[in-house]
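Taken together, the values in this text are just the output of simple stated rules run on the coordinates, not laboratory data. Just so it is clear, the structure is predicted and the values come from calculations on it, not from any experiment. Because the Cβ atoms are built from the backbone with ideal geometry, glycine has one as well, and the counts that use them run over all protein chains shown.
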Amino acid sequence: MPAETAEIERIFREEHGRAVAVLIRAFGDIDLAEEAVQDAFAVALSRWPFEGMPASPVGWIMTTARRRAIDAVRRESTRGHRHAEAARLYARHSEDDHPEGPMHDDRLRLIFTCCHPALAPASQVALTLRLLGGLSTAAIARAFFVGEPAMAQRLVRAKGKIRDARIPYRVPDEPELPGRVRSVLAVVYLIFNEGYAVSAGDALVRDDLCHEAIRLGRLLVGLIPEEPEVRGLLALMLLVASRRAARTTSAGELVLLADQDRTLWNREFILEGQTLVSRCPRQNEPGPYQLQAAIQAVHSDAAVAADTDWRQILRLYDQLLTIAPAPVVALNRAVAVAEIEGPVRALALVDALSDPATDGYYLFHAVRADLLRRLGRTAEAQQAYDMALSLAGNARERAFLQRRRDALNG
Amino acid sequence: MTQYLLSIYQPEGDVPPPETLQRVMQDVNALIEDAKAAGVWVFNGGLHPPGTATVVRCQRGDVLITDGPFAEGKEYVGGFMVIEAPDLDGALQWAGRLARALTLDGRGDIHPGLPVEVRPFQGSHAN
């Protein structure tokens with residue numbers, strides 16, 4: 001059976017993280033590992049379409065890439081290059097003191113290295129997408145509206161720091177582990193949000209980021225199943241992503257949750273997300289991702305917007321506010337209060353949030369404008385929409401706010 | 001093992017009260033003793049203020065001497081420590097202890113403590 005180029009690309013993207021991770025541990029060199037997998041890909045492209053797919057594509061990739069890496073090391077050592085040898089010693093050394101097991105999957109080591117707090121967040125994201133996601137530098141550059149040379153430079157610098165400062169290639173030990181897991185989850189969520197954000201740009205690239213974030217989330221759930229926040233994040237991403245098709249009109253206009261055609265929601269994502277939420281421990285204090293996922297799960301439960309259990313949502317926001325007190329959480333809580341106690345009470349809560357930081361946030365004014373609109377205070381609502389419009393980040397958000405503002409006079 | 005330079009950055013001007021300074025010095029000295037006992041310590045020292053610095057530079061064969069510091073700034077390196085650790089995480093643990101010592105109250109509740117910059121030395125990867 002001959003293999004299509006697209007299929008070969010898909011397999012390599014799927015296996016990139018594992019292959020690179022195994023080779024980094026064996027050879028202690030990220031560039032060497034990346035190049036070896038890239039070489040194997042080139043060989044596959046030139047052979048698979050004619051000879052057909054190997055019986056085990058994954059095994060073939062590993063064997064071919066490992067051979068390529070060994071060849072590269074031989075070439076370097078004959079040139080008197082001692083770095084490769086030192087790197088191998090280092091790799092062997094770090095292999096000795098770590099037992100095998102699910103916590104010691106090479107991909108987990110790799111993700112902890114990519115998301116090390118000593119690297120800038122933008123570099124953490126780029127490295128994770130490149131090494132674990134197998135995205136090309138060009139694709140990552142497009143996704144983040146950065147030129148390809150600049151993104152290449154960012155990756156080179158980050159890999160240079162990992163090598164020179166010796167950022168370790170291992171799963172951190174207990175006292176550090178929870179903080180480091182948080183840092184990994186933040187990177188995955190950032191990738192997801194970048195993909196989900198309603199901003200201009202290549203829709204395919206953005207979809208790709210969402211899928212990649214969910215794939216990383218699933219991988220992490222498989223590798224660290226005992227960590228409830230990992231499941232919480234995956235659930236949150238699935239439940240939010242389930243609404244993707246309903247979130248914009250065919251013309252690309254933003255549709256509010258209350259106005260969405262809920263038959264367009266992705267049932268599989270909702271089921272998977274809700275199952276994960278229901279497995280979150282009730283007795284322990286749930287973390288912010290679990291609570292946000294639980295809130296989304298309540299929305300997903302309602303077949304029509306009017307069925308939404310706002311009291312349950314309010315309880316969850318109260319919990320979230322105690323562990324993660326942030327103005328945006330308080331703002332969302334006020335939206336829930338408006339549904340239960342009416343816009344007067346909610347507006348008082350929103351107005352109390354006003355300070356220099358929230359005043360510069362478009363959503364604060366957009367929520368205020370909507371509450372004022374519901375109270376019939378049209379002139380003030382108009383002013384609030386104007387404020388929101390002047391602060392909104394992207395064209396689709398601005399178009400949405402403009403429509404709401406125009407509707408005030410109708 | 002890799003050697004790391006831990007540089008302590010100090011703001012120009014105000015010096016904490018003597019009793020605070022004494023506690024900081026006690027904590028730092030205890031840290032140095034622990035680092036020596038753990039075989040991590042290589043070298044450390046505190047520096048006189050930047051006003052005492054002199055800059056020497058060679059241009060067209062002549063060595064020029066000027067009053068320092070080389071770079072004027074609101075912060076300057078006040079002291080440093082060189083340690084040897086298996087990797088960055090190891091170095092960061094010692095840097096964390098140093099940063100904790102360099103606070104007014106041992107916690108940084110009132111005011112954040114002094115920043116410690118961690119930088120690897122070149123060519124120190126020998127095992």
Would you work out which of A:ALA213, A:THR358, A:ALA138 lies farthest towards the positive end of the dipole of the protein assembly as shown? Charges go on Cβ: Lys and Arg +1, Asp and Glu -1. A:ALA138
Note, B:PRO17: beta-carbon cut-off 14 Å, +1 each Lys/Arg, -1 each Asp/Glu, net -2
Inter-label distance for A:ARG279 and A:GLN153, nm, one decimal - labels placed 7 Å from Cα along Cα-to-Cβ: 4.5
List the GluC sites (Glu not before Pro) within region A:1-80 that DSSP assigns to loop and that have no more than 13 neighbouring Cβ atoms inside 10 Å. A:GLU4
A:GLU253 paired with B:PHE43, simple spin-label distance in nm, labels 7 Å along Cα-to-beta-carbon: 7.0
In deg cm²/dmol, rounded to the nearest 500, the helical mean residue ellipticity at 222 nm of chain B, built from -39500 (n - 2.57) for every DSSP H run of length 4 or more, is -9000 deg cm²/dmol
Nearest-20 debye value, region A:214-361 charge dipole, Cβ charges on Lys, Arg, Asp, Glu: 440
Nearest 500 deg cm²/dmol is fine: what mean residue ellipticity at 222 nm does chain A get from its DSSP H runs of n ≥ 4 alone, each adding -39,500 (n - 2.57), divided by its residue count? -22500 deg cm²/dmol
Count, for each residue of A:156-166, the Cβ atoms from other chains sitting within 10 Å of its Cβ, then give me the mean as a whole number. 3
Could you work out how far the C-alpha centroid of region A:142-197 sits from that of region A:240-288, in angstrom? 27
Tell me which trypsin sites (Lys or Arg not before Pro) from region B:1-76 have a DSSP coil assignment and no more than 16 other beta carbons within 10 Å of their own. B:ARG60, B:LYS74
Which one of A:ALA69, A:ALA36, A:ALA150 is farthest out on the positive end of the charge dipole of chain A, using unit charges on Cβ (Lys, Arg +1; Asp, Glu -1) and the Cα centre as origin? A:ALA150
When the dipole is taken about the Cα centre of the protein assembly as shown, and only Lys, Arg (+1) and Asp, Glu (-1) are charged at their Cβ, what size is it in debye, to the nearest 20? 840
Averaged over peptide B:2-9, how many Cβ atoms belonging to another chain are found within 10 Å of each residue's Cβ? 1
For chain A, with the dipole built from +1 on Lys and Arg beta-carbon atoms and -1 on Asp and Glu ones, taken about the Cα centre, which of A:ASN193, A:LEU331, A:GLN290 lies farthest toward the positive end? A:ASN193
What whole-number distance in Å separates the alpha-carbon centres of region B:1-74 and region A:1-78? 49
Cross-link reach from B:LYS36 to lysines, straight Cα distance under 28 Å and at least 8 residues apart if same chain, gives A:LYS161
Starting from the Kirkwood Rh over alpha-carbon pairs, what translational D in µm² s⁻¹ does the protein assembly as shown have by Stokes-Einstein at 4 °C and 1.567 mPa s? 48
Please get the size of the charge dipole for region A:303-410, origin at its Cα centre, with Cβ charges of +1 on Lys and Arg and -1 on Asp and Glu, quoted in debye to the nearest 20. 220
Give the calculated FRET efficiency between A:GLU9 and A:ASP261 to the nearest 0.05, with a Förster radius of 35 Å applied to their Cβ-Cβ distance. 0.55
Against the longest alpha carbon principal axis of chain A, how many degrees, from 0 to 90 and to the nearest 10, is the axis of helix A:148-164 turned? 60
Determine, from the Cβ-Cβ distance of A:ARG403 and B:ASP109 and an R0 of 60 Å, the FRET efficiency 1/(1 + (r/R0)^6), rounded to the nearest 0.05. 0.80
